[in-house]
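K.L.:
My questions will all concern the structure given below.
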Number of protein chains: 4
Amino acid sequence: MRPIGKKIWVIPEGYLPKNALSYGRRFISHETACIINPNSSDAKINIHIYYKDRDPVGPYKITVPAMRIFHLRFNELSDPQPIPEDTDYSSIFYSNQPIVVQHTRLDSRRDDIALLSSIAYGE
Amino acid sequence: MRPIGKKIWVIPEGYLPKNALSYGRRFISHETACIINPNSSDAKINIHIYYKDRDPVGPYKITVPAMRIFHLRFNELSDPQPIPEDTDYSSIFYSNQPIVVQHTRLDSRRDDIALLSSIAYGE
Amino acid sequence: MRPIGKKIWVIPEGYLPKNALSYGRRFISHETACIINPNSSDAKINIHIYYKDRDPVGPYKITVPAMRIFHLRFNELSDPQPIPEDTDYSSIFYSNQPIVVQHTRLDSRRDDIALLSSIAYGE
Amino acid sequence: MRPIGKKIWVIPEGYLPKNALSYGRRFISHETACIINPNSSDAKINIHIYYKDRDPVGPYKITVPAMRIFHLRFNELSDPQPIPEDTDYSSIFYSNQPIVVQHTRLDSRRDDIALLSSIAYGE
């Protein structure tokens, strides 16, 4: 079967709110990249974070095994360095295998939650 | 007329909240795949659910008749097995006819509702 | 300049809530198709509405003049017949000129509002 | 490395709410175009705003340096003229270098916030 997906994915929108309200980990404000690797080889993925006023940072390295998924929370990235809160950023994913990436944010800064989502831009 | 749509659709984001608030079925938290088959033949669709830590499950089989739509709620899938709550998953739709798929979530865990939506990734 | 856009657009998700709360017309729950015709000829558009259990209805005819936009509210369609409330539907736009279509819902059934949006599927 | 992105981007949906509630600048209702220029040359971008009842306005000129991002708030555009509040509009981005654009709205008119987002339509 032909592999499904693309090797480069771009998420222009990125923002980690500061001092978010929380009702347990599930309700902490978070910015997520949902990644599926539906193919038969592990996907080694290099993530680069882009900013407005300084050089890109990366690669952040993750592996999504064959036939598995991974819901990456951007605020849990730490190596080479955490993404600062309250700062606009964008992200690019370079994978050695085709994958599919969807971007989701849960925002719980106000009393209730808000959600946004979009399939990322793939090439 | 040329058929409209594609035969493979991917939704990387998937999550069924647990113990969601409810104000009647319309307000129960749900994750939906809205499927349209605008063409002249019935679409037989096999859905496979992918997880982080175990093998994919499927196929879940549905049919969307010619010139009809179906708004599938993931929490109502049962055969071969229900999707567990509070667990990240992704889904892939393989159809024998071109279709178009859009992903929507209504989240009513807090007092008010939140919505997200994206056209799925098609190939 | 080469025309921008595509001639066929599909929105699989569609739902008009019943008895929505309202704080003036801007806050009435609505399902919108935002259409831009950035080209030099008027776009004559035929919209067909698809259902789960009955034949498609249409065409609903609209014209978006050259270099103009139109934010169509589905609940304001009336000819050949209104879309029933509390019923799943999908829509397909056939234009004689390239256009671009984005789908947006504002849901005000609960005390606060929720929003979703996605660029439609174009061919 | 091959440049990433496209040179033309369209956002059919646009609307700046009037008299929005505010809890500081981060919570002011806003409509944003998140732009990433991941390539090695600066991107000079001309934005044109389209309306329902009058001629398009533009170009609004911005530059996104090589390897940098910019999260543009439409309500901060002023030259040649601000976008009026409470008015439907659409936007088209013409860049001399490939970029990627994502559309996001934060709506704080009611007590809580709502979010929507979609990758723009690229050509």
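K.L.:
Put a point 7 Å out from Cα along the line to Cβ at B:Glu85; what are the distances to that point in the other copies, in nm, shortest first?
P.N.:
Label point to label point, same position, other copies: 3.0, 3.0, 4.3 nm.
K.L.:
Follow-up question, since we're still on this one. Across all directions of projection, what mean area in square nanometres is found for the Cα convex hull of the stretch A:32-123?
P.N.:
6.5 nm²
K.L.:
Right, here's the next one. For the stretch D:40-123, what does the accessible surface come to per residue with a 1.4 Å probe? Please give it in Å².
P.N.:
Working: 3110 Å² over 84 residues.
Accessible area per residue: 37 Å².
K.L.:
Next question. Which lysines does A:Lys44 reach when only Cα atoms under 24 Å apart count, and residues fewer than 8 places away in its own chain are ignored?
P.N.:
A:Lys6, A:Lys7, A:Lys61, B:Lys52
K.L.:
Which residues in the stretch D:63-83 have a backbone N closer than 15 Å to a point placed 7 Å from the Cα of D:Ser41 along the Cα-to-Cβ line?
P.N.:
Output list for this probe position: D:64-67.
K.L.:
A follow-up question, please. Run the numbers on the stretch A:32-110 and let me know its relative contact order in percent, using alpha-carbon pairs under 8 Å that are six or more apart.
P.N.:
45 percent
K.L.:
Provide a whole-number value for the mean count of partner chain Cβ atoms within 10 Å of the Cβ atoms in peptide D:2-12. Don't skip to the answer; put the middle values down first.
P.N.:
On the way: counts 2, 1, 7, 4, 2, 0, 4, 3, 9, 6, 20.
Average per residue, whole number: 5.
K.L.:
Sticking with this one: Chains B and C: buried accessible surface, both sides, probe 1.4 Å, rounded to 100 Å²?
P.N.:
2800 Å²
K.L.:
Please give the residues from the stretch B:67-106 for which the solvent-accessible area of heavy atoms, probe 1.4 Å, is smaller by at least 50 Å² with all protein chains in place than with the chain isolated.
P.N.:
When all protein chains are present, B:Met67, B:Arg68, B:Ile69, B:His71, B:Gln102 each give up 50 Å² or more of accessible surface.
The values are calculated or read from the model by the stated rules, or taken from the named source; none is laboratory data. Remember, it's a predicted structure, so these values are computed and weren't measured experimentally. Reconstructed Cβ throughout: ideal geometry from the backbone, glycine too, with neighbour counts over all protein chains shown. Protein only, heavy atoms only, side chains kept; ligands, DNA and RNA dropped before computing areas. Shrake-Rupley method; radii C 1.70, N 1.55, O 1.52, S 1.80 Å.
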